[in-house]
Structure formats: C-alpha cells, structure tokens
1. Quick check on this structure: which one of Gly330, Gly285 is at pLDDT below 85, closer than 18 Å to Phe183 by Cα and surrounded by fewer than 17 Cβ atoms within 10 Å (Cβ to Cβ)?
2. Being of a type in the set (Ser, Thr, Tyr) and surrounded by fewer than 18 Cβ atoms within 10 Å (Cβ to Cβ) narrows it down to one residue among Thr222, Thr239, Thr234; which is it?
3. Which condition number does Met214 fail, the rest of (1) open to solvent by less than 20 Å² (accessible area, probe 1.4 Å); (2) modelled with pLDDT of 85 or more being met?
4. Could you list, ordered by first residue, the pairs with Cβ atoms under 7 Å in which the first is in the range 182-205 and open to solvent by 90 Å² or more (accessible area, probe 1.4 Å) and at pLDDT 85 or above and the second is assigned to a loop (DSSP other than H, G, I, E, B) and not β-branched (Val, Ile, Thr), at least 6 apart or interchain?
5. Out of the residues in the range 108-127 meeting the condition of being open to solvent by less than 70 Å² (accessible area, probe 1.4 Å) and either in a loop (DSSP other than H, G, I, E, B) or in contact with a Leu (Cβ under 8 Å, 6 or more places away or on another chain) (or both), tell me which one is nearest to Glu6 (Cα to Cα).
6. Could you please tell me which pairs satisfy a Cβ distance under 7 Å, a separation of 6+ or placement on different chains, a first residue in the range 246-272 that is touching a residue at least 40 places away in the same chain (Cβ under 8 Å), and a second residue that is open to solvent by 60 Å² or more (accessible area, probe 1.4 Å) and not acidic (Asp, Glu)?
7. Does the range 128-140 hold any residues that are open to solvent by 50 Å² or more (accessible area, probe 1.4 Å) and either in a helix (DSSP H, G or I) or in contact (Cβ under 8 Å) with a residue 24 or more places away in the chain (or both), and which are they?
8. Can we say Glu244 is surrounded by fewer than 17 Cβ atoms within 10 Å (Cβ to Cβ), of a type outside the set (A, V, I, L, M, F, W, C) and either more than 32 Å from the chain's Cα centre (by Cα) or part of a helix (DSSP H, G or I) (or both)?
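The values are calculated or read from the model by the stated rules, or taken from the named source; none is laboratory data. What you are looking at is a predicted structure, and each value in this text was computed from that prediction instead of being measured. In this analysis, Cβ positions are derived from the backbone assuming ideal geometry, glycine residues included, and neighbour counts consider all displayed protein chains. Surface accessibility is based on the protein's heavy atoms, side chains included, excluding ligands, DNA and RNA. Shrake-Rupley method; radii C 1.70, N 1.55, O 1.52, S 1.80 Å.
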Amino acid sequence: MSTYSERFPKYQVEVDASQCERAGVSPADVLNTLGTFCGGAYIGNFNQFGMVYRIMAAASPEYRLDPSSLQNIFVQVRDGKMAPIAEFVSLKEIVGPANIEHFNLFQSITCYIQTGSGYTEGDAHKAIAEVFKEEMPATASYEYSGMSLELEEAAGSNATSLIYLICAILIYLILASLYNSWFTPWAVLFSVPFGLMGAFVFAYFGNLLSLPGMDNNIYLQTGVIMLIGLLAKTAILITEFASERRAQGMSIRDAAFEACKERLRPILMTVATMIIGMIPLVIEGGAGANGNRALALGVIGGMSIGTVALLFVVPAFFIVFQNLHERFQGASPEVKS
C-alpha cells in the first residue's frame with residue numbers, strides 16, 4: 001500500500017519574469033508574497049500571561065479561496081508602489097503528487113508492505129526484488145527502512161553464521177572435556193535438532209489454523225533459544241548417566257536404556273513445569289498477546305514433542321558414538337577390568 005498518487009488536484013504557479021523585471025520586482029519576492037498570504041509565514045514570538053505565542057502572517061481564509069483572490073493580493077514594485085500579484089503570476093489547474101518525498105537525497109515513494117499468511121519477511125523481500133527487476137526501469141532503485149533494513153543488512157552478512165559456528169565449537173569443546181571423549185559430545189549435538197522440531201510443527205499447524213502470530217517470527221525464535229538450553233540439558237544428563245553406567249561395567253546398550261529409565265521422572269517433571277508455566281501466556285489477551293502466544297506455543301510444542309524425540313534419539317546416538325569412542329580412544333579402565 002502506498003499513499004502516493006499522481007491524481008491530486010493542484011495549481012501550478014507560473015511567474016512572468018519579464019513582467020517582473022519591467023515592474024522592478026524579483027520573481028522571488030513575488031513568490032514569497034504569494035506564499036505568505038496563502039500559506040502563512042513565521043514572523044516572531046510575543047509573551048503574554050506567562051505564555052509564548054508565535055506570530056504567523058497570512059490572509060484570512062475568505063480572501064484566498066479561488067484564483068480571483070490574486071486581485072486582492074498586492075506586492076511592492078518600483079518607487080514603493082503596490083501592484084496586484086495577478087499581474088505577475090498565473091495559475092493553471094493540473095494534477096500531480098500531493099507532496100514529493102526524498103530518501104537519501106533522491107525523490108522517493110514510500111510503500112507499506114505486509115506479508116501474507118504463511119510467508120516470512122524474507123519471502124517478501126525476495127518477491128519485492130523479483131517484481132522490481134521486472135517492472136521498474138534500470139534508473140530506479142529501492143531501499144528498506146526500520147526493521148526491514150536491519151533484516152536485510154543481517155541477511156547480507158555472515159556474522160550470525162559465524163557466531164553460531166563459534167558457539168557450536170565452544171559447546172563441543174566443553175562437552176568433550178566433560179565426557180573426556182571426542183565422540184560422545186556428538187550424541188548431544190545431533191539430538192538437539194530433533195527436539196526442536198516440535199516447536200516448528202506447532203508453528204506450522206498454528207499457521208494452517210490461522211492462529212494470530214503463529215509464524216516463524218522473533219518470538220518463536222526466542223522460544224527456540226530457550227528450548228535449546230532445556231533440551232540440551234536433558235540430552236547431557238542422559239548421556240552423563242549412560243557414561244557412568246558404562247564406566248561401572250554395563251554394556252553400552254544397557255547403559256543407554258538404564259540412563260533413560262533413571263532420568264524419565266525428572267525429565268517429565270521439567271516438561272510438565274514448563275508447559276504449565278506457559279499456559280497463561282497462551283490464554284491471556286491484551287497488548288503483546290500474539291507474541292506471547294507464539295513464544296508459549298513454540299515452547300509447549302518443543303518440550304512435548306522434543307522430549308519424546310530425545311528419549312528415543314539420545315540413546316541411539318550414545319550407542320553409536322560410544323562405540324566409536326571405545327574403538328578409537330579405548331574404553332575406560334573400569335570397563336576393561
């Protein structure tokens with residue numbers, strides 16, 4: 001949507017420069033006089049009753065209603081005489097834009113764009129680029145403003161990907177030092193994405209049901225960050241208990257299953273606490289309700305579906321990577337004995 005229109009009725013003011021020269025008045029003085037009478041001009045301030053008032057000079061509305069009013073507006077010419085401004089200017093009825101906007105010193109048109117249901121802002125940016133390339137001339141260009149500008153700048157840089165990569169490396173090194181293994185941490189890192197699918201499944205079905213705010217927005221992504229910590233804690237503890245049982249001499253398969261059995265009750269308590277805590281955000285209305293609902297439903301979906309997925313995925317990954325650990329790094333002394 002855009003407020004720009006070239007069909008706005010207006011008057012074009014044409015100044016007769018030769019007539020101004022013969023009368024001894026400059027075109028600038030003529031236009032300033034016309035602007036003062038018809039549009040108003042700031043003169044100064046005055047104080048009264050402890051208040052400051054602005055002084056504006058302008059003709060009364062009844063004296064500037066139509067082009068014939070130019071006969072009643074006078075401008076000073078040579079020898080201090082006054083002449084009607086109609087002798088120097090003429091008005092022509094035209095249509096055009098109500099005002100001319102500028103952006104970065106260039107003439108511009110402001111457009112307001114809202115994405116359709118089921119589409120992200122990134123999809124809208126791609127559509128804008130395609131349509132602009134097909135419909136607009138090569139001499140024109142476009143720019144974003146506000147949050148769209150920040151999104152476009154972030155999309156064009158690799159800073160976010162680099163930060164995620166550094167975080168993943170640091171987490172891997174910390175887990176490697178925790179488990180004293182180069183292979184076991186992969187059981188945690190590979191299992192977390194399976195747990196996050198619950199949040200996106202809820203967002204997908206919420207979008208199909210046209211629930212307000214249920215798309216891949218910043219609120220859902222904030223909930224996903226919360227989920228990463230909660231689900232990673234579950235995966236870490238299952239792997240930790242399984243490693244302890246393996247060090248006590250149990251087989252890898254039995255150690256993985258025993259860890260899930262021991263951690264099942266704390267995991268269910270964590271899930272129930274988080275889901276119950278998110279219910280008020282889902283049912284409450286008011287300002288920011290759509291954002292709260294997107295965050296809460298994402299967390300509820302991630303905790304419910306993601307936890308079930310972790311209970312099956314983490315033991316499988318532990319079995320695979322623990323076998324690799326013992327094959328390439330050797331088993332612990334307790335297991336060998």
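1. Answer to the check: Gly330.
2. Working: Thr239 fails: surrounded by fewer than 18 Cβ atoms within 10 Å (Cβ to Cβ); Thr234 fails: surrounded by fewer than 18 Cβ atoms within 10 Å (Cβ to Cβ).
Going through Thr222, Thr239, Thr234 in turn, just one is of a type in the set (Ser, Thr, Tyr) and surrounded by fewer than 18 Cβ atoms within 10 Å (Cβ to Cβ): Thr222.
3. (2)
4. Trp182/Gln329
5. Among those residues, the one meeting the criterion is Thr110.
6. Once the first residue is touching a residue at least 40 places away in the same chain (Cβ under 8 Å) and sits in the range 246-272, its partners that are open to solvent by 60 Å² or more (accessible area, probe 1.4 Å) and not acidic (Asp, Glu) give Ile252/Asn323.
7. To start, the set of residues in the range 128-140 that are open to solvent by 50 Å² or more (accessible area, probe 1.4 Å) comprises 130-131, 133-139.
The answer is Glu130, Val131, Lys133, Glu134, Glu135.
8. Details: surrounded by fewer than 17 Cβ atoms within 10 Å (Cβ to Cβ): yes; of a type outside the set (A, V, I, L, M, F, W, C): yes; either more than 32 Å from the chain's Cα centre (by Cα) or part of a helix (DSSP H, G or I) (or both): yes.
So Glu244 passes the test.
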